[in-house]
Amino acid sequence: MAVQDLKITKLFNDFFHSERAGGMVLMGCTVFSLLLTNSFLHESYVHIWEYTIGGQPVEYWVNDGLMTIFFLLVGLELEREVYIGELSNVKLALLPVIAALGGMLVPAGLHYLLNGGTVTQGGAGIPMATDIAFALAALSLLGNRVPASLKVFLTALAVIDDLGAILVIAFFYTDALAWTNLLVALSVFGALLILNRLKVRNLIPYLAGGVVMWYFMLHSGIHATISGVLLAFAIPFGNGDEKSTSYILQQRLHRPVAFMILPLFALANTCVVIPNDWFQGLLTSNSMGILLGLVVGKPIGIFLFSFLAAQLKLSALPGDLNWKHIFGVGILGGIGFTMSIFVTLLAFNDPAFIDTSKIAIMIASVMAGLGGYLWLNVCFSRAVVGNTEPLK
């Protein structure tokens, strides 16, 4: 399939560029937070996130409240991909879907192999997800040499990856269900779907219903951020043009999510005091599972499942891509940061496990980002120099 045949919409380009710039900001916030946490300003800085509002610390409202808006944006992007984007063609859609499946199962399997039957086996979900903002930021550093189809593949892969992480959260990180609250939340979702069918295009009833759904989901035992994804699929998509309700909301959410919500999440969740013996913490089975899952499991899972899908004729590789490109994207898929930290907070209650997991996630994400960039840089450089060597 030629590049020009790809369904690259204006909204996708906006999404790619906002996520790319957001990734840069996210990186800066992470470094800033780590520096403050490990300086003489430690107590004052940490106190900011422990400050109580409405009976809960600021960190809680960031993770359970603002991150719902992030998941709403992810849901809207997934909806767009399904209706008019890369996922609208079943043959093409299966490639990132199957790749994402491999990118979740292999890392989780590696972690479980090292931690099964121990107190840290719940961390198997940590290396499963890909950070959209960081991954696209790393890919963007390669400039115009990156084929549009590779950008779309990575975006679709990361979005599906996040959806998988959301399902994992819903099914495996829910301790007990408050059925009445859950039924109320689902009833609100059903009412919003009816509004959609009635062709109600005004955003206000959907957003108001989303807040109610979030409240009851929060008290149901299922993580409240799930309501963000449900709300996305209740909002009318229409034909996806600039006048559609879904398009308008997604356009308005891009910058607040990229430049406010995700940076706040990074600031609130990277208050990690790095001890002198931090390296020893990386040798624990949990940290090794995270490191191996993200750095090794991700590229192997994404590449292997993609290759098998093509060999079995379940899907096809876009004409301007080759398997070296797919492996490079697989390496970038090991940038787990946001979602991996998010799952860590659900998987563990012990602060020691949480901090060592965060350190492992950050190190693995840096390794994956640098590794993916260097690998793809070599691939594109060889392609440019005379194009004397076939890459396939």
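The values are calculated or read from the model by the stated rules, or taken from the named source; none is laboratory data. This structure is a prediction, so every number in the text was calculated from the model and none was measured. We place every Cβ from the backbone using ideal geometry, glycine too, and count neighbours over all the protein chains shown. We work out accessible area using only protein heavy atoms, side chains counted, and drop any ligands, DNA or RNA first. Shrake-Rupley method; radii C 1.70, N 1.55, O 1.52, S 1.80 Å.
For segment 318-363, the solvent-accessible area of protein heavy atoms averages 25 Å² per residue (probe radius 1.4 Å; ligands and nucleic acids excluded). Taking every protein chain into account, the accessible area of segment 124-195 amounts to 36 square angstrom per residue (probe 1.4 Å).
The convex hull defined by the C-alpha atoms of segment 120-210 has an orientation-averaged projected area of 9.4 nm². Against the criterion of solvent-accessible heavy-atom surface with a 1.4 angstrom probe, ARG145, ARG382, ARG252 sort, most first, into ARG252, ARG382, ARG145. Placing +1 on the Cβ of every Lys and Arg and -1 on the Cβ of every Asp and Glu, with no other charges, gives the chain a dipole of roughly 1120 debye about its Cα centre. Charged side chains reduced to their Cβ positions (Lys and Arg at +1, Asp and Glu at -1) give segment 278-392 a dipole of some 300 debye around its Cα centre. For segment 240-319, carbon and sulfur atoms together expose 68% of the accessible surface, with a 1.4 angstrom probe and every protein chain in place. Ordered by 1.4 Å accessible area with all protein chains kept, VAL90, VAL295, VAL168 run largest first as VAL90, VAL295, VAL168. Shown are SER149, SER88, whose ranking by accessible area with a 1.4 Å probe and every protein chain present, most to least, is SER88, SER149.
Computed over protein heavy atoms with a 1.4 Å probe, the carbon and sulfur contribution to the accessible area of segment 45-139 reaches 70%. Per residue, the convex hull around the alpha carbon atoms of the chain comes to 142 Å³.
Taking the charge dipole of the chain about its Cα centre, with +1 at Lys and Arg Cβ atoms and -1 at Asp and Glu Cβ atoms, the residue from GLY164, LEU249, LEU35 reaching farthest to the positive side is LEU249. Protection proxy ranking, highest mean first, for peptides 341-351, 195-205: 341-351, 195-205, where packing is the per-residue count of other beta-carbon atoms within 10 Å, averaged. Of the peptides 93-105, 262-274, the ranking by mean beta-carbon count within 10 Å, highest at the top, reads 93-105, 262-274.
Averaging Cα coordinates gives a centre for segment 284-333 and one for segment 117-192; these two points are 17 Å apart. Shown for the chain are the DSSP H helices of 24 Å or more along their axis, judged by Cα atoms, with a mean Kyte-Doolittle hydropathy of at least 1.0: 67-84, 90-115, 148-172, 179-197, 351-384.
Accessible area per residue for segment 13-102, computed on protein heavy atoms with a 1.4 Å probe, is 44 Å².
As a fraction of the 1.4 Å probe accessible area of segment 161-208, surface on carbon and sulfur atoms comes out at 71 percent. Taking Cα centre as origin and charging only the Cβ of basic (Lys, Arg, +1) and acidic (Asp, Glu, -1) residues, the dipole magnitude of segment 15-127 rounds to 300 debye.
When the chain is described by a simple charge dipole with +1 on each Lys and Arg Cβ and -1 on each Asp and Glu Cβ, the residue from ILE361, PHE216, VAL106 located farthest towards its positive end is VAL106.
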